[in-house]
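Only one structure is covered here, and it is reproduced in the block below.
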Amino acid sequence: MANSDRIYIFDTTLRDGEQSPGVSLNVDEKLEIAHQLTRLGVDIIEAGFPIASPGDFAAVKKIADNIKGAVVAGLCRANFKDIDRTWEAVKGAETPRIHTFIATSDIHLKYKLQKSREEVLEQAVEAVKYAKKYCSDVEFSAEDASRSDIDYLALLIEKVIEAGATVVNLPDTVGYAVPDEFGLFIRTICERVPNIDKAIISVHCHDDLGLAVANTMAGIMNGARQVECTINGIGERAGNAALEEIVMNLYTRRSFYKKDININYQEIYRTSRLVSTLTGMPVQPNKAIVGQNAFSHESGIHQDGVLKERSTYEIMSPELVGVKSSKLVLGKHSGRHAFRERLKELGYKLTEEELEKAFVKFKDIADKKKEISDDDLEALVNEQVRAVPERFSLEYLHISSGTSIVPTATVKLNIEGNILEAASTGDGPVDAACHAIDKITDIYGKMHDYKLNSISGGKDALGEVIAKIEIDGKLYTGRGLSTDVIEASVKAYINAINKYYYEKQLNRSS
Ligand SMILES: [Zn+2]
């Protein structure tokens, strides 16, 4: 291989990350994340699991057809039907990859697959050969590798490489491994498999014992050259290894690891924010690299040290990962030009139509709020531009509420030009407004998991509500933005209904 010190970053936010409980992203949201991942500079984007559902297939295909500069991978089990479907989804990519997997541990063979080791080995080899007919880049994963018999695993890997696998992934599927042991495991495989130089070894670690990143780093030290990870470490159960932590380990401790990566560090924070917003999964304040407190110094001694010389208590600069101290940039009198320039500086590439939509929204907010910060602008673009088509939009909202009266809401919705009105009571003002909306739309949602974030400080702060709304048994993430908390909540509710409606139309047309 050309450069054995190069580590490839394989992002699986859109596949393993999307398997986080309660997360469901629509096609447009997935594409938006994929675009941001290419700006971040990841090498491989795992876009989804095409056979899982028509929605998954559509998302992988759209990403494959639109993304430039990164390999686009689709996941499939080791059978012909899955592989056909995955190839159908990824074949339009600039550089497609088929990623096929089968479990190799005795516990999975016995209870899940009910197959012998010989049968699984043969199935793995046949799957790789079959995938190879379509695609030169084939990744094979030995699910539950870390709990597999090492002699059997080494033989199986030799055979799948012989069959044409170019990447072999060794996951710690259940998050059971310990760094020293996992490192030794990777090294043993590298030493035992005679044709290992024909493939790249990859690791994929889960965080059930809080060791996903530590195990990944141990893998890198022992021969792994691809690492599978997700933004903010989201994923099944306790999640996957966090991309931002792995790359900042490699950067900050370069003299120790001596590995090269191709990441645009300044995009880390924005990517984290985008994924958090679109999935509705907040980042804990003390999270390494991207948590709100990651770069704040609280103790007097630390503050004094940092003021004298930053390196006393700071091993990385917040600016490097794209954390900006929120500057006040725009206000009521800012024009289209200033608005466009600022968005460009923030890294947004909007079409004229999107820009116009965002500008109208900006003016609306600037009427109520004196100063618009970068954070406000990001929230506004997230809400407005990435929105699904708005079949329903809020025209008018009146609430009467207090300590001794029953909360009552009157709502007018604009439904493609027609204004419909309803009134209702409820347990609280938001509940009352949601009931009124239900009456108008005849779509009945149930609000779960309500979160309110203050986007910027001050009394006139913009509030962003992220709520999970259950409609027809499925969860939709709704977002609403306003200087008024109740209005933001009602907008989040309407946003979820619009997503539900949009998805229903898509399913009908496909
Ligand atoms: Zn996984």
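Summary of computed values
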item	result
Distance from region 253-279 to region 384-446 (C-alpha centre basis), Å	40
Share antiparallel - DSSP beta bridges, the chain, percent rounded to 5	50
Between region 194-251 and region 29-47, the Cα center-to-center distance that results, in Å	18
Spin-label model distance (nm) - Leu113 vs Asn418, 7 Å beyond Cα toward Cβ	5.6
Length released on extending from Asp431 to Glu353, taking residue separation times 0.36 nm less the Cα-Cα span	24.7 nm
Cross-link partners of Lys133 among lysines (Cα-Cα below 30 Å; sequence separation of 8 or more within a chain)	Lys30, Lys61, Lys62, Lys68, Lys81, Lys91, Lys112, Lys115, Lys159, Lys198
At R0 = 60 Å, FRET efficiency that the Cβ-Cβ distance of Leu320 and Val406 yields, to 0.05	0.65
Convex hull volume per residue for the chain, taking Cα atoms only, in Å³	173
Nonlocal amide H pairs with Thr483, under 5 Å, H built at 1.01 Å	Gly463
Pairs from Lys412/Lys451; Lys412/Lys446; Lys363/Lys459; Lys324/Lys499 whose Cα-Cα separation, in the structure shown, is over 28 Å	Lys324/Lys499
Mean separation of Cα contacts under 8 Å (6+ apart) over length of region 374-488, as relative contact order %	18
Over region 276-406, relative contact order from alpha-carbon pairs under 8 Å, at least 6 apart, %	18
Residues Ser255 and Asn286, FRET efficiency given R0 of 30 Å [Cβ-Cβ distance, rounded to 0.05]	0.65
Added length on full extension, which subtracts the Cα-Cα distance from 0.36 nm per residue, Tyr313 to Lys446	43.2 nm
For region 33-50, 3J(HN,Hα) per residue [Karplus equation, 6.51 cos²θ - 1.76 cosθ + 1.60, θ = phi - 60°, Hz, x = Gly/Pro]	5, 4, 4, 5, 5, 6, 5, 5, x, 5, 7, 10, 10, 8, 8, x, 10, x
Cα principal axis extents for region 1-106, largest first, Å	38, 36, 28
Highest average packing first - 123-132, 282-291, Cβ atoms within 10 Å	123-132, 282-291
Estimated distance in nm for a label pair at Asp149 and Asn264, the labels positioned 7 Å out from Cα along Cα-to-Cβ	4.9
Integer Hz, Karplus 6.51/-1.76/1.60 couplings in order for region 413-430, x for Gly and Pro	10, 9, 10, 6, x, 8, 9, 10, 10, 8, 10, 7, 9, x, 5, x, x, 5
Partners for Lys369 among aspartates and glutamates (Cα-Cα distance below 13 Å; same-chain residues under 8 apart left out)	Asp460, Asp484
Selection of GluC sites (Glu not before Pro), region 298-385, meeting DSSP coil and at most 16 other Cβ within 10 Å	Glu298, Glu309, Glu314
Theoretical ellipticity at 222 nm over the chain - DSSP helices of four or more residues, -39500 (n - 2.57) apiece, nearest 500	-12500 deg cm²/dmol
Helix 374-384 axis, angle to the chain major axis (alpha carbon atoms, nearest 10°)	90
Full-extension gain in nm, Lys68 to Gln505, via 0.36 nm per residue minus C-alpha separation	154.5 nm
Value of relative contact order over region 331-406, rounded to a whole percent, pairs C-alpha under 8 Å and six or more apart	36
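Just so you know, all these numbers are worked out from the coordinates, no wet-lab data involved. In this text the structure is predicted, and so the values were computed from the model without any measurement. Note that each Cβ is placed from the backbone with ideal geometry, even for glycine, and that neighbours are counted across all protein chains shown.
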